[in-house]
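First up is the structure itself, then whatever we jot down about it.
Derivation of every value follows stated rules applied to the coordinates shown; laboratory data play no part. Keep in mind it's a predicted model, so treat the numbers as computed, not measured. We place every Cβ from the backbone using ideal geometry, glycine too, and count neighbours over all the protein chains shown.
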Amino acid sequence: MTSLMALAAPAPEAQQADTQARQVIDDSGRSVSLSGKPRRIADAWYAHHVLLMTLGAGDRVVATVNHARSQPWMFRLLPSLNHALSVDATAFNVENLLAERVDLVFTSASDPQARAYEQAGLPVMRMGFTDLPGLQHSLLATAQALGGARPFARAKAYNAYLDAELGRVGRKVAGLATEQRPRVLHINSINPLKVDGSDTLIDDWIKLAGGRNAAVGLKGNLQVVSAEQLLAWQPDVVIVAAGAGELKQAAQASLLAQLTAVQQRRVLRNPAGVFPWDRYGTEVALQIEWAAQQLHPDLFSDINMVQRTITFYQQFFDYTLSETDARRMLQGLP
């Protein structure tokens, strides 16, 4: 927690004049020189848009890798993205960024294009995390990069919210024995069949919600597996990403139909909002609550996920959801 505490309050540089240079440490440990409050941002990491929106800076994005067809809720809540420069995949043309007068680029930590942006004179923040403390750290680092008091206040408010939710859920599942924690398999893609293993944010929220990751021996995100491997794991619960499709559409659907979770109707569709709740955005705070209620309905019967969703979007996205909208998100619908 030391690094989080170090970022928890605005550093002296954050309070200096907008024109004065300051050094910000990104998630890769690099020191990035910035001045002022960047107003024109290119974001080359799909999930990081959600962090910017949480910090009240989504409207600063002038170049995006997201699209309305894949993230319809994101574009509904932030319609300015419809006017942003957009690309397929994650590589921007450097000349286009310069023409857009971009003054800060966010990339994923492993993006090979980051070096090209730097060579063109653009400051680059490389971002990435694999657990919830990493998310909190990344949010604070992003707030530092944005400059000013408002992003810091919002980052601290979100981190406090997440800590409170983790405490509340954690206290309820703390007494569960291992055999009371369902083996959960998270499927991100049906064709090809891809699942999420250890050392991922997905593994983190499964455990925090009172489950066990059924993908034993598998490490990392989006790992290709066979239907036979799923039968060997034999999960108690299968959670399918909102955009993954149906198990009956799988190339080996007849084998997947033999899963106990399928036969016992324990296949769940994951919610999705501004970004899929199960992946690397701030909506993971809602994901933990949702997953805990799905895995342990008796322990979490007091949670009204529709109201929790409405409250969360008002507080962290400044957007008023209708009950219909909230229910569609909870069903993984666009």
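Below, the figures for the structure above:
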item: Residues E283, E165, sorted so that the one with the fewest Cβ neighbours within 10 Å comes first; result: E165, E283
item: Over the chain: helical MRE at 222 nm, DSSP H runs n ≥ 4 each giving -39500 (n - 2.57), nearest 500; result: -11000 deg cm²/dmol
item: Kirkwood-based Rg to Rh ratio, the range 221-334, C-alpha trace; result: 1.01
item: Fewest-first sequence of Y313, Y161, Y319 by Cβ atoms within 10 Å of each Cβ; result: Y161, Y319, Y313
item: Residues with amide H under 5 Å from that of N213, placed H, sequence gap 5 or more; result: V184
item: Size of the range 145-235 as Cα extents on the principal axes (Å, biggest first); result: 53, 34, 18
item: Pairs beyond 20 Å (Cα-Cα), from K172/K207; K207/K248; K194/K248; result: K207/K248
item: Rounded to 10°, Cα long-axis angle of helix 149-173 versus longest principal axis of the chain; result: 20 degrees
item: Kirkwood Rh in Å, taken over all unlike Cα pairs in the chain; result: 20.7 Å
item: J(HN,Hα) series, the range 124-135, from Karplus relation 6.51 cos²θ - 1.76 cosθ + 1.60, nearest Hz, glycine and proline x; result: 10, 9, 8, 10, x, 7, 10, 8, 5, x, x, 4
item: Spin-label pair S28/A157, simplified geometry with 7 Å Cα→Cβ offset, distance in nm; result: 3.2 nm
item: Relative contact order (percent, whole number), the range 177-330, Cα cutoff 8 Å, 6+ residue spacing; result: 21 percent
item: Neighbour-count ranking [beta-carbon atoms within 10 angstrom, fewest first] of R279, R168, R181; result: R168, R181, R279
